[in-house]
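So the structure is just underneath, and the comments pick up after that.
Every number here is computed from the coordinates shown, using simple stated rules; none is lab data. Computed from a predicted structure; not experimentally measured. Positions of Cβ are backbone-derived with ideal geometry, glycine not excepted, and every protein chain shown enters the neighbour counts.
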Amino acid sequence: MKLRSPNHATTAPPAGVGPELVGNGDFETTLSGWVATNGASITRVTGGSSGSWSARVAAPAGVAVGIDDAPNWQPVTVAGTTCVASAWVRSTLGTSVAIELREVSGLNEIGAATSAVMVPSSAWHYLAVSRPVQVAGSSIDLRIIGGAGVPLQVDGLSEHCG
């Protein structure tokens, strides 16, 4: 399976990492399953990385924008497995954008893995991250974090654990 973008093509996560967990990673019909972080606003906008729509997150100056799965797409984990997440992102030139997988148990963060890119152009950019699960029964939180006060577009979110 190939993920397509107007500017990139990359292979999907490796075989054996489990089924797709994200139920709404393309925003083609709704924003269901996603919330904006830090009081930012989230809207569906035309112009996705491969489809017709994407999510746009915006916040006032000085406030970092982000999008977070709510509730977590992976609510219960198995220790020793690995979770892999990816997304297509677009933002202002020179903005740092990150994808993060956080393993949480109740209110406690067990650990996190982050992958970031300094956006080199206004084109879509692919981000991916993986994290080994440490505690059985924990949950995996997926979020994309952008720059303070800089709009962020997100599309093609995917998560697999296995």
Task: Residue-span extension gain [Ala136 to Ser121] - 0.36 nm each, minus C-alpha spacing - done: 1.4 nm
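If the chain between Thr92 and Thr114 were fully stretched, how many nm would it gain, using 0.36 nm times the residue separation less the Cα-Cα distance?
On the way: separation 22, 0.36 × 22 = 7.92 nm, distance 2.00 nm.
That works out to 5.9 nm of additional length.
What percent do you get for the relative contact order of the chain when only Cα pairs under 8 Å and 6+ apart count? Can you show the working numbers first?
Details: 456 pairs, mean separation 51.9, N = 162.
Rounded, it is 32 percent for the chain.
So if we plug the beta-carbon distance of Ala79 and Ser32 into 1/(1 + (r/R0)^6) with R0 = 41 Å, what FRET efficiency do we get, rounded to 0.05? Before the final figure, lay out the partial values.
Numbers: r = 30 Å, r/R0 = 0.72.
Computed FRET efficiency for Ala79 and Ser32 comes out at 0.90.
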Task: Relative contact order of the range 84-160, pairs being alpha-carbon contacts under 8 Å that are 6 or more residues apart, as % - done: 47
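Once you have a ≥ b ≥ c as the square roots of the Cα gyration tensor eigenvalues for the range 45-88, tell me rounded if a/c is under 1.5, and otherwise prolate or oblate according to whether a/b is larger than b/c.
Values: a/c = 2.83, a/b = 1.57, b/c = 1.79.
Oblate is the answer for the range 45-88, as a/c is 1.5 or above yet b/c matches or exceeds a/b.
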